[in-house]
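The values are calculated or read from the model by the stated rules, or taken from the named source; none is laboratory data. None of the values given here were measured: they were computed from a predicted structure. FYI the Cβ positions are ideal-geometry reconstructions off the backbone, even for glycines, and counts take in every protein chain you see.
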Amino acid sequence: MILYSTKNAHLKASLEEAVFRSLPPDNGLYMPERIPTVSADFLRQMDQLSFNDIAFEVSKTLLEDDIPAADLRALVEGAFDFDAPVVPIEPESHCLELFHGPSMAFKDFGARFMAALMSYFLVRSQKEIRILVATSGDTGGAVAQGFYNVPNISVTILYPSGKVSDIQEKQLTTLGGNVKALEVDGTFDDCQALVKQAFLDTDLNTKYNLASANSINIARLIPQSFYYFRAFAQVKHLGKPVVFSVPSGNFGNLSAGILAAKMGLPVHQFLAVTNRNNVVPSYLDSGAYEPRPSTETISNAMDVGNPSNFVRMTRFFGDEWASVKNHISGYWFDDEQTRAAMRDLHTRTGYLMCPHTAVAYLGLKAYQATASQPTTGVFLSTAHYAKFLNVVEDALGTPDVPIPERLAALLDKPKVAISMSKSFDDFKQYLLQS
Ligand SMILES: *Cc1c(COP(=O)(O)O)cnc(C)c1O
């Protein structure tokens, strides 16, 4: 796979370069130069295959020039020991549950594959790297779990003290081994500033190979396309056009769906659904992209005012608004509507959703209410509801929402974190000594 920068088509990179750099030197985004399609046989027989069979076939189609098939198979097997099941909810609505991985959120797919891919290249080149990540919650959990015990890689996670949920903090601080958590006396922006400065520091870069696990890394996008194929395989017997409703913040998830469609997955329509941070639904409406500061909502993993994958998403359609609009319909909902949807679906069916999932559910319902033909709707569930327990309890009006065993066990584990000021000198000393 050859990649190019969205800012300069002549600035190219190999897969290995793109994975370790995350961003091209001109601060564009890496895009695949050519998108190969999967075979008609594969699409026909997909419903007989497991998640890993599908992940292998799709990744082989994309990466066969970079990684021999047997190595790729091993890499996929190492990355994924969890599935992406589709659960029927109502006659025309199905939930794609993406929370069966180690951190119980969809970011596990990206983090696990990126970790496996980086490790594969590092073992071959006999290098070691040190990953630095700043997190406001969910990304850190997925990265910590994704890179845990992965050879040739150590991970340092910086999180703002007192500003992540209990479950999120435990996911960052209870692993040990090659994962170190730094509890920073500051905000998420302070954490991010420390990481940025570390990448510019000569002493640190002389001593270590530093890398980021940035969400726009191409190695996180590729594996997210796998579950669109896997979902389609589970609903294709219903025989109706398939629509995917994607709860969106930085639009990596939706961009991966578009990648799947470009590879030949016959998707009828994508729904880009947001909370009040609705710059993309507005763009789909008017053609004008107007980023603005984000506002806080109960679906806070989607509180994004200037989505980092916007340029990638539109590039898939040659930057043509009319073409983007043809394939993607935009919707947005406020917190009141989101809570009502969580409550209403639970009352009618017993199914519990996290607030992000509820936003996608609402988008699907709005689309199907006016669609010109019956469709099979698949709404993506990006996190287990128990990761947002307070919001769910508040929406349902009860403190008795059950927590799965895995999360409950996590809450009992002791937290291990290193306290850190927000001064760069302290952070640098820590890194140089550890
Ligand atoms: C990150 C996240 C999202 C948003 O996904 P994007 O790829 O940034 O659009 C939605 N829901 C949850 C639970 C998340 O953690």
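Miscellaneous remarks
- Scanning the range 323-350 for residues that are under 28 Å from Pro404 (Cβ atoms) and either among the acidic types (Asp, Glu) or in contact with a Cys (Cβ under 7 Å, 6 or more places away or on another chain) (or both) yields Asp335, Glu336, Asp344.
- Search result, residues across the range 127-140 that are at pLDDT 90 or above and either crowded, with 17+ Cβ neighbours inside 10 Å or within 15 Å of the ligand (Cβ to nearest atom) (or both): Ile129, Arg130, Ile131, Leu132, Val133, Ala134
- Looking across the range 246-269, the residues that are part of a strand (DSSP E or B) and either crowded, with 24+ Cβ neighbours inside 10 Å or within 12 Å of the ligand (Cβ to nearest atom) (or both) come down to Val246, Pro247.
- Subset of the range 141-156 (residues that are more than 11 Å from the ligand (Cβ to nearest atom), of a type outside the set (Val, Ile, Thr) and more than 17 Å from Tyr208 (Cβ to Cβ)): Ala144, Gln145, Gly146, Tyr148, Asn149
- Helices (runs of 4 or more DSSP H) enclosed by the range 148-245 - at least 3 residues per element that are at pLDDT 95 or above and of a type in the set (S, T, N, Q): 218-235
- Wholly enclosed strands (runs of 3 or more DSSP E) of the range 11-126 bearing at least 1 residues over 30 Å from Tyr385 (Cα atoms) and more than 16 Å from the ligand (Cβ to nearest atom): 30-32
- Residue check, Ala371 at negative phi, at pLDDT 95 or above and under 26 Å from the mean Cα position of the chain (by Cα): no
- Among residues of the range 17-50 being free of Cβ contacts under 8 Å to residues at least 60 places away in the same chain and touching a Ser or Thr at 6+ places or on another chain (Cβ under 6 Å), the one that is surrounded by the most Cβ atoms within 10 Å (Cβ to Cβ) is Pro24.
- Breaking point among (1) surrounded by fewer than 18 Cβ atoms within 10 Å (Cβ to Cβ); (2) among the small types (Gly, Ala, Ser); (3) within 22 Å of the chain's Cα centre (by Cα), for Ala409: (3)
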